[in-house]
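What follows draws every value from the coordinates through simple rules; no lab data is involved. Values in this document were obtained by computation on a predicted structure and should not be read as measured data. Glycine also receives a Cβ, built like all others from the backbone with ideal geometry; neighbour counts cover every protein chain displayed.
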Amino acid sequence: MRFFGQVAQAFKNSILLGVSWVEEKNGIERRIAVLNPEPDYELFDDEELIILTRQEGPEISELPQTEIEPLMEVAPHERPVFNRVLILGWNASIVDILGEFEGHAVQDVIVTIVSSHPEEYVERLLGGNIASDLNQVRVTYQNADTANRAVLKNLEIPSYVDVIVLADESNPAYDPDSRTSLTLLMIRELKEALNENEEFPSVTAEFYDQDTRALCIDTPLTDAVISPEFVSMQLTQLARQPILASIYKELLSAGGIEIALRPVHLYVPLEQEIAFSDLIVATQQANEIALGIMMGEGSKELTLNPHND
Amino acid sequence: MTKILIVEDNEMNRDMLSRRLSRKGYDIEIAVDGAEGSVMKRNNTPDLVLMDMGLPVMNGWEATTQAKADPSIASIPIIALTAHAMEEEKQKALGAGADDFDTKPVNLQRLLEKIEQNLAS
């Protein structure tokens, strides 16, 4: 018998993420992918492994003979608070974004949206079915120019937890990326006017062009999504390996399996030297999978799939 | 063959649990939300139900309460499954009428014991 947790420990330079198999029901075949099964899940010959690996391919040692440790009961991890969100700009993604907020919300979330669309238009679009699907998300809307200093100042940006600057398509006269960069520059001015120790929200922006994102390097941008690049990367990958669709869906949508940043000391004692393989064993007991490490507090140096020694 | 209805909205959780239980010899039926689960309980009359509590459309607590209020299916044992082993979660599930309670991720051996205990009673 081979168990998922046991096989995961045998990979030296790859991370075992899940299993896949083909199931037939009523004459219809379906390829199934499951991420992060319980470590005592018994693997069978008709299954394939889903792994995070390097191009040179996986290096595997002998299966450990140790028994799979039982799962520990783990208290729920604290989730990042987002209860006040400001969305600057508008495009077709907004309905999906609100739906995702609803899925991720662990408490009431107030979302303020500002764009050039008239209020009646937004009321018509967000009313009815969408509004009734939102239980924890409350949306307020303001018709205003998001690249106007006075508007941004009146919004009291520091009072929000998160700011999202969408590639704004609410005014066809403007180029969305130019608007985003202008808005970010104005947000930078607002931030510079604050005292150093005053808190400022995280700012995430959507761009259509990688070059525009590069121009915004000196703004309070916490993170950015180049949406056409993201979609084209996904399309290419899915064309090569259609099974990835269900994996991306699971990882990127609310609920189910998620990728999170957690302190190492939750899993292993820090007083002694530990290898990544120790972390793999320890996270298994919480039915989690260690994907990589980020060194030092506040650092952004992320190493995915380090060698297990 | 013992028929178990799994009511679970997460596709991967559903696929994994149904595969593990099928391998143990159970006949598995699937419902993806509480409302569908309620219909299937009446139409297919499973021997036991594994009910996730955080379901869309009709949540697991509501679906359990409704099932236990319906004399035609009230005797079908329901094991509530929730993401955390918190006492208040357990009490909430039992308060809704569930016959037993277990947590996700699933400890298969423990769940199998609970399934057999509930089928026997």
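For the range A:170-181, the Karplus equation 6.51 cos²θ - 1.76 cosθ + 1.60, evaluated at θ = phi - 60°, returns couplings of 7, 10, x, 6, 10, 7, x, 5, 4, 5, 4, 5 Hz by residue, with Gly and Pro reported as x. The convex hull built on the alpha-carbon positions of the range B:3-120 has an orientation-averaged projected area of 6.3 nm². Which residues does the label zone of B:Q117 cover in the range B:63-77, counting backbone N under 16 Å from a point 7 Å along Cα→Cβ? Inside the label zone: B:77.
Net charge dipole, chain B: roughly 320 debye, given to the nearest 20, about the Cα centre with Cβ charges of +1 for Lys and Arg and -1 for Asp and Glu. For the range B:32-44, putting each phi into the Karplus relation 6.51 cos²θ - 1.76 cosθ + 1.60 with θ = phi - 60° gives couplings of 9, 8, x, 5, 5, x, 5, 5, 5, 4, 6, 7, 9 Hz, in residue order, rounded to whole numbers and with x for Gly and Pro.
Reducing the range B:9-37 and the range A:221-239 to their Cα centroids gives an inter-centroid distance of 33 Å. Principal axis extents of the Cα atoms in the range A:164-309, from largest to smallest and rounded to whole angstrom, are 57, 47, 26. Helical runs (DSSP H, four residues minimum) scored at -39500 (n - 2.57) apiece and divided by the length of chain A put the mean residue ellipticity at 222 nm at -8500 deg cm²/dmol. Which of A:V203, A:P80, B:M51 sits farthest toward the positive end of the charge dipole of the protein assembly as shown, with +1 on the Cβ of Lys and Arg and -1 on the Cβ of Asp and Glu? So the residue we want is B:M51. Note on the range A:79-210: the C-alpha convex hull projects to 8.4 nm² when averaged across all orientations.
What you get for the protein assembly as shown, charging only the Cβ of Lys and Arg (+1) and of Asp and Glu (-1), is a dipole of about 680 debye around the Cα centre. Quote the FRET efficiency, to the nearest 0.05, computed for A:A193 versus A:V225 with a Förster distance R0 of 35 Å and r equal to the Cβ-Cβ distance. FRET efficiency, A:A193 to A:V225: 0.80. Over all orientations, chain A has a Cα convex hull whose mean projected area works out to 20.7 square nanometres. Note on chain A: antiparallel DSSP beta bridges, both residues inside, total approximately 45 percent of the bridges counted.
Here the label points at A:A92 and B:E87, each 7 Å from Cα along the C-beta direction, are separated by 5.3 nm in the simple model.
Paramagnetic label reach from A:Q107 (point 7 Å along Cα→Cβ; backbone nitrogen cut-off under 15 Å): within the range A:155-175, residues A:160-162. When the Cα positions of A:I293, A:S232, A:F44 are compared along the charge dipole of chain A, A:S232 comes out farthest toward the positive end, with charges on each C-beta of Lys, Arg, Asp and Glu.
Modelled this way, with points 7 Å down the Cα-to-C-beta line, the labels at A:M1 and B:S72 are 4.1 nm from one another. Each Lys or Arg adds one and each Asp or Glu takes one away; over the other residues whose Cβ falls under 15 Å from the Cβ of A:I68, this sums to -3.
In this calculation the C-beta distance from B:S22 to A:F200 is compared with R0 = 51 Å, giving a FRET efficiency of 0.45. A DSSP coil position with no more than 16 other Cβ atoms inside 10 Å describes the following chymotrypsin sites (Phe, Trp or Tyr not before Pro) in the range A:1-110: A:F44.
Against chain A, whose longest principal axis is taken from its Cα atoms, helix A:94-104 shows a tilt of about 50°.
For A:F207, the residues whose amide H sits under 5 Å from its own are A:V225, A:I226, A:S227, ignoring neighbours fewer than 5 places away on the same chain, with H placed 1.01 Å from N. Counting trypsin sites (Lys or Arg not before Pro) as exposed when in a DSSP loop with at most 14 other beta carbons within 10 Å, what is the longest stretch of chain A free of them? Looking at chain A, A:55-299 is the longest stretch - no exposed trypsin sites (Lys or Arg not before Pro) with at most 14 other Cβ atoms within 10 Å.
The Rg/Rh ratio for the range A:1-91 is 1.14, where Rg is the radius of gyration of the alpha carbons and Rh is the Kirkwood radius.
Residues in the range A:282-287 carry Karplus couplings, in order, of 5, 5, 4, 5, 9, 6 Hz; the curve used is 6.51 cos²θ - 1.76 cosθ + 1.60 with θ = phi - 60°, and Gly or Pro positions show x.
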